[in-house]
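Student: Sending over a structure as structure tokens; questions will come in a sec.
Derivation of every value follows stated rules applied to the coordinates shown; laboratory data play no part. Computed from a predicted model, the values in this text were never measured in an experiment. Cβ coordinates were reconstructed from backbone atoms using ideal geometry, including for glycine residues, and neighbour counts include every protein chain displayed.
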Amino acid sequence: MKTVLHSYKFDIRNDAEYAEYNALHSTLRAAGLECFRTLAPSPIGKEINHRALDGKEVELETKHLFDNQWNSAPGTGGSENGWRLFDWCEPIYPNENLRTGYWLEQTDEMKSIRSNTAKCGYCGAMAPVGAMEFCDKCIDSEYLTEKGLHLTRMVPIEYTNNSRAKLTYEESVALLPKYKDAQIHGATDRGKARIAKAYADCNAQHKRALISAENEYKGMLISAENEYKGMLWILDNCPGLAQNAIYYTHTGRWCFGWRTPIGPSMKDEVSAMLAEFPLPYDIK
């Protein structure tokens, strides 16, 4: 869709400009527009140079619709991704006497699409008015609660700024069974994909646990074998060291002198005895 952007700038210390500013405000309010005021530069992103677009045609996208703003097509005003354009925007500057902003001409096409397109208050999904009373795109969301079901009520874009009515008794009776079934079994491709992923994650976690247990078991067997093999060698070759030797399972190494450190006079002799020791070791 296309419309025209109009920019304005007034110094309200000047009586004539002040009167012109008030007249513009009255005209825009009478047209049903509400002024969006925010600190400049805008906290929602880089502020558009509306002065450069004054009186120029801009193209609006309709993929995502809002009650008081639009997304402009890429390339608008030199922006690669387009801009967020409000129906009427007036940034707030430190100098309160400076009143500058812009507004969009409200075409019949713009009004029509807002009147005839409904939007979910929970996930933002859109559909033609009357196509569905409640959104079916997010009913299986893991974050949607029973108390929040009224947010899925489909409301015309032009009224989405209003609070959505709570569910009536009849609506609750009709919607809750669908909600419960969707939460358990999934209702949308996204919901079913989430459940399928949970299955896959469960199987993957189980597989990792089995591998870990198997590796731990293998590690325990290896550790026990090394401890047994090492002690047999010690008893066969230097049994006197048996009481002063220990196998550390956490490092996989033997330690000689763990109880009583090997003295300097014994170190060379012990080293010579252990020259053919079949496992990693340290002498303390």
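Student: Check cross-link reach from residue 9 to the lysines: straight Cα distance under 26 Å, and skip same-chain residues fewer than eight apart.
Tutor: Once the sequence-local lysines are set aside, what remains near residue 9 is 46, 56.
Student: Given the Cα-Cα distance of residue 217 and residue 92 and 0.36 nm per residue of separation, how much length would full extension add, in nm?
Tutor: Details: separation 125, 0.36 × 125 = 45.00 nm, distance 6.88 nm.
The span from residue 217 to residue 92 would gain 38.1 nm if fully extended.
Student: Then there is this: Going by amide H atoms built from the backbone, whose H comes under 5 Å of the H on residue 100, apart from near neighbours?
Tutor: Residues meeting the amide H criterion: 10.
Student: Now for a different question. At what distance in nm do the modelled label points of residue 174 and residue 56 sit from each other, each positioned 7 Å from its Cα along Cα→Cβ?
Tutor: According to this spin-label approximation, the distance is 4.9 nm.
Student: Net charge near residue 200: determine it from the other residues with C-beta under 12 Å of the C-beta of residue 200, scoring Lys and Arg +1 and Asp and Glu -1.
Tutor: That sum, taken over residues with Cβ under 12 Å, equals +2.
Student: With axes computed from alpha carbons, what is the tilt in degrees of helix 15-30 against the longest principal axis of the chain, rounded to the nearest 10 within 0 to 90?
Tutor: Around 80 degrees separate the two axes.
Student: Number of Lys-Lys pairs in the stretch 193-283 under 29 Å by Cα, sequence gap 8 or more or different chains?
Tutor: Working: 197/207; 207/218; 218/229; 229/267.
Eligible lysine pairs with Cα atoms under 29 Å apart amount to 4.
Student: Say we join alpha carbon atoms closer than 10 Å with springs in a Gaussian network model of the chain; which of 71, 226, 81 then has the biggest fluctuation?
Tutor: Most flexible of the set in this elastic network: 226.
Student: For a quick check, take a GNM of the chain with Cα springs below 10 Å and name the residue from 208, 164, 51 with the largest mean-square fluctuation.
Tutor: Top of the fluctuation ranking is 208.
Student: Okay, next question. Compute the Rg/Rh shape ratio of the stretch 2-106: radius of gyration over Kirkwood radius, all on alpha-carbon atoms. Show your work: numbers first, answer last.
Tutor: Working: Rg = 13.7 Å, Rh = 14.2 Å.
For the stretch 2-106, the value is 0.96.
Student: Along the stretch 97-107, what does the Karplus equation 6.51 cos²θ - 1.76 cosθ + 1.60 (θ = phi - 60°) give for ³J(HN,Hα), rounded to whole Hz, x for Gly and Pro?
Tutor: 7, 8, 10, 9, x, 8, 8, 10, 5, 8, 7
Student: Gaussian network model of the chain, Cα springs within a sub-10 Å range: biggest mean-square fluctuation belongs to which of 93, 21, 228?
Tutor: 228
Student: What would the Debye equation give as log₁₀ I(q)/I(0) for the chain at q = 0.10, 0.12, 0.14, 0.16 Å⁻¹, counting only Cα atoms as equal point scatterers?
Tutor: With no solvent term, the Cα-only Debye profile gives -0.73, -0.92, -1.08, -1.17.
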